[in-house]
Amino acid sequence: MFNIIYSEFVKLKKSYILIVALFSGCVISGTIFITDMLRQRNELVSLTERVSFLEGRIVDIDRMSALFIYNIIFSLIAAYIFSREHTDKTANTLYAYSAGRMKIFFGKFITTCALIVFVYLIQVLTTYLSLYIEWGVLPSAKFISADIKVNICSILLQFLLMPIPILIANITRNIIVPIVYGLLGDVMVGLLLGAGANIYSQFCPLTLPILPFYHYHKGDPIDIVIVSGSAIITFSVFMLLCMYHYSKVDID
Amino acid sequence: MLNIIYCEILKLKKSYIIPVAVIGGMFMSILFELTSLVFKESMQTFEQYSSNLEIPNIVVLYTILFSLIAGFVFSREFTDRTSSVIYTYPISRIKIFIGKLITIDMLISLVYLVKVISIYFSYYILNHMLPESTFTMNYLKYNIYSLIAQFLIIPIPILVTNMSKNLILPVIYGIVGTVVTMIASGKMFQINDYVPLVAPYKFIMKTYIPNLIDLNHSVLSGIVCFIISMIICIYQYNKDDIV
């Protein structure tokens, strides 16, 4: 099992995916950093004012990256890991490994999850670093630990959504359709959560990774039954479909 | 020349790109139709309905969708290993390049066409009426201007694709372009008028806010962007090695 995951990482070494993951962690915090620099906002004098402004900025960066970047980037990563076996015609080699297909599938799945954790880690690090460079203060330790907890919640909920792009990539054997799925999902989530997390938008499983930010930082209420129900149903249905399809699919 | 374009369109026939273009054009109309039906909103005027629909369309969806289309048309020669075939045609590389560019432009026009038709159709289903003809003429006129502005910025993703020979980097360019469009469509900085990426957005908004937006800067920057990126593209496409 460990060998399979290692070989997946070795396959990624010469591709653009690692750079893409690094970049997508930096893009929103970098943009906010540059725009704040250019704007020359009036100096916030007192320390408490600055700290509360900073906390607002951190929440904004978290929320914006989860809304606009993550869905499309993660479906790109998942689709790339699964579909390049078909586009590079290496599926024959892969299925001749002396490992069961389920093991290969989970190896790829764990690689995807590791890249997701990597993106989140980069995003949190660059957020705090850029804001510290700009304002010279850090928020309180309580806020930082709460923020890390919220981010871990969001990561776990992202894992639950990953089977959807994986299934699409396996069925179409192509990288385009998963990207379009991510794009349309992004737009839909942006519209659903644009005005805050109301009860209707919690029915859509694609909003799951963003709900923690709204719940903990903005105080929007969450219906635990709906959220956990949609999470469990989405994950189990798509995971079963994925595993069934991956074990039955023909090699060509 | 006609043969090259025909041949490019034939290559697209068995791929997912034409359904993707049609879905990309219709998606927002379907979503807004569904939300209006679910939430039972009170009657909107056509201006409100279509402006609510166009902003996410053009800011978030289209930059990535069009760079995906451009990336697909150019990069599949490399991923399918058919570039060695296409460069042995008895046709110069510039003609092949222009043929591919026209194909991309046709796909973009398809997206815009589907968008306009689906907006009118969905509004008619919701409210059983259509806007008056003067507004429609104005709307169509500015949509065509916006389409031309999209043609002006499409060489940038083509250049990114040809340099990376991959479909991933054009998508990343699309994400960056979306972020840039989001920032530059506001009124935050002076330089916003000179960003060529916002030209399509500004032309669409001109329909709804007739006298607020001055478009000279956008048009100029769009044309400059087209000429420069086109020259670099053609140079790169001519000098490129066959892999």
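What follows is calculated from the coordinates using simple rules that are stated; it is not laboratory data. Bear in mind that the values here come from a model prediction, so they are computed numbers and not experimental data. Note that each Cβ is placed from the backbone with ideal geometry, even for glycine, and that neighbours are counted across all protein chains shown.
If you check B:Y89 against the conditions, is it more than 19 Å from the chain's Cα centre (by Cα) and assigned to a helix (DSSP H, G or I)?
Values: more than 19 Å from the chain's Cα centre (by Cα): yes; assigned to a helix (DSSP H, G or I): no.
No: the conditions fail for B:Y89.
Can you tell me which residue is farthest from B:L169 (Cα to Cα) among those in the range A:14-30 that are within 8 Å of chain B (Cβ to nearest Cβ) and not hydroxyl-bearing (S, T, Y)?
A:I28
How many residues does the range A:170-194 contain that are farther than 15 Å from A:A66 by Cα and either at the interface with chain B (Cβ under 9 Å from one of its Cβ atoms) or more than 17 Å from the chain's Cα centre (by Cα) (or both)? Before the answer, list the steps.
Going residue by residue through the range A:170-194, those that are farther than 15 Å from A:A66 by Cα are A:170-181.
This time we only want the ones that are either at the interface with chain B (Cβ under 9 Å from one of its Cβ atoms) or more than 17 Å from the chain's Cα centre (by Cα) (or both), so: A:170-177, A:179-180.
Within the range A:170-194, residues that are farther than 15 Å from A:A66 by Cα and either at the interface with chain B (Cβ under 9 Å from one of its Cβ atoms) or more than 17 Å from the chain's Cα centre (by Cα) (or both) number 10.
I'd like to check something: does the range A:58-75 contain any residue that is touching a Phe, Trp or Tyr at 6+ places or on another chain (Cβ under 9 Å), more than 28 Å from B:S67 (Cα to Cα) and either hydrophobic (A, V, I, L, M, F, W, C) or assigned to a helix (DSSP H, G or I) (or both)?
yes
Could you go through the range B:70-79 and let me know if any residue there is free of Cβ contacts under 8 Å to residues at least 24 places away in the same chain, in a loop (DSSP other than H, G, I, E, B), acidic (D, E) and out of contact with any His (no Cβ under 6 Å at 6 or more places or on another chain).
No, there is no match, as no residue in the range B:70-79 is free of Cβ contacts under 8 Å to residues at least 24 places away in the same chain, in a loop (DSSP other than H, G, I, E, B), acidic (D, E) and out of contact with any His (no Cβ under 6 Å at 6 or more places or on another chain).
Among the residues of the range B:194-223, count how many are among the aliphatic types (A, V, I, L, M) and either part of a loop (DSSP other than H, G, I, E, B) or surrounded by fewer than 19 Cβ atoms within 10 Å (Cβ to Cβ) (or both). Write out each step before concluding.
We begin by selecting, within the range B:194-223, every residue among the aliphatic types (A, V, I, L, M); these are B:195, B:197-199, B:204-205, B:209, B:212-213, B:215, B:219-220, B:223.
After this cut, where a residue has to be either part of a loop (DSSP other than H, G, I, E, B) or surrounded by fewer than 19 Cβ atoms within 10 Å (Cβ to Cβ) (or both) as well, the list is B:195, B:209, B:212-213, B:215, B:219-220, B:223.
Qualifying residue count, the range B:194-223: 8.
State whether one or more residues within the range A:39-55 are closer than 30 Å to A:S201 by Cα, part of a helix (DSSP H, G or I) and in contact with a Pro (Cβ under 6 Å, 6 or more places away or on another chain). It would help to see each step written out before you state the result.
As a first pass, look at the range A:39-55 and keep what is closer than 30 Å to A:S201 by Cα: A:52-55.
Those still in the list that are part of a helix (DSSP H, G or I) too: A:52-55.
After this cut, where a residue has to be in contact with a Pro (Cβ under 6 Å, 6 or more places away or on another chain) as well, the list is A:54-55.
Among the residues of the range A:39-55, at least one is closer than 30 Å to A:S201 by Cα, part of a helix (DSSP H, G or I) and in contact with a Pro (Cβ under 6 Å, 6 or more places away or on another chain), which makes the answer yes.
Listed residues A:I144, A:I164; which is away from chain B (no Cβ under 14 Å), surrounded by fewer than 18 Cβ atoms within 10 Å (Cβ to Cβ) and among the β-branched types (V, I, T)? Steps first, answer last, please.
Values: A:I164 fails: surrounded by fewer than 18 Cβ atoms within 10 Å (Cβ to Cβ).
Of the residues listed, the single one that is away from chain B (no Cβ under 14 Å), surrounded by fewer than 18 Cβ atoms within 10 Å (Cβ to Cβ) and among the β-branched types (V, I, T) is A:I144.
Looking only at the range B:102-151, which residues are among the polar types (S, T, N, Q) and more than 23 Å from B:K202 (Cβ to Cβ)? Walk me through how you get there before you give the answer.
Let us first name the residues in the range B:102-151 that are among the polar types (S, T, N, Q), namely B:103, B:109, B:118, B:122, B:127, B:133-134, B:136, B:138, B:143, B:146, B:150.
Residues satisfying the conditions are B:T103, B:S122, B:N127, B:S133.
Is it true that some residue in the range A:81-91 is charged (D, E, K, R), surrounded by 15 or more Cβ atoms within 10 Å (Cβ to Cβ) and away from chain B (no Cβ under 11 Å)? Full working, then the answer.
Within the range A:81-91, the first condition is being charged (D, E, K, R), and the residues that meet it are A:84-85, A:88-89.
Of the ones still in play, those that are also surrounded by 15 or more Cβ atoms within 10 Å (Cβ to Cβ) are A:84-85.
Among the residues that remain, those that are also away from chain B (no Cβ under 11 Å) are: A:85.
Within the range A:81-91, one or more residues are charged (D, E, K, R), surrounded by 15 or more Cβ atoms within 10 Å (Cβ to Cβ) and away from chain B (no Cβ under 11 Å).
From the list B:V38, B:V85, exactly one residue is over 22 Å from B:I154 (Cβ atoms), among the hydrophobic types (A, V, I, L, M, F, W, C) and out of contact with any helix residue (DSSP H, G or I) (no Cβ under 9 Å at 6 or more places or on another chain). Which is it? Walk me through how you get there before you give the answer.
Numbers: B:V85 fails: out of contact with any helix residue (DSSP H, G or I) (no Cβ under 9 Å at 6 or more places or on another chain).
Sole residue among the options that is over 22 Å from B:I154 (Cβ atoms), among the hydrophobic types (A, V, I, L, M, F, W, C) and out of contact with any helix residue (DSSP H, G or I) (no Cβ under 9 Å at 6 or more places or on another chain): B:V38.
Tell me yes or no: at least one residue of the range B:44-57 is within 14 Å of the chain's Cα centre (by Cα), within 11 Å of chain A (Cβ to nearest Cβ), crowded, with 19+ Cβ neighbours inside 10 Å and under 26 Å from B:L152 (Cα atoms). Even if it seems obvious, please write down each step before you answer.
Taking the range B:44-57 and keeping what is within 14 Å of the chain's Cα centre (by Cα), we get B:54-57.
Then drop every residue that is not within 11 Å of chain A (Cβ to nearest Cβ), which leaves B:55-57.
Those still in the list that are crowded, with 19+ Cβ neighbours inside 10 Å too: B:56-57.
So of that shortlist, the ones also under 26 Å from B:L152 (Cα atoms) come out as B:56-57.
Yes, the conditions are met somewhere in the range B:44-57.
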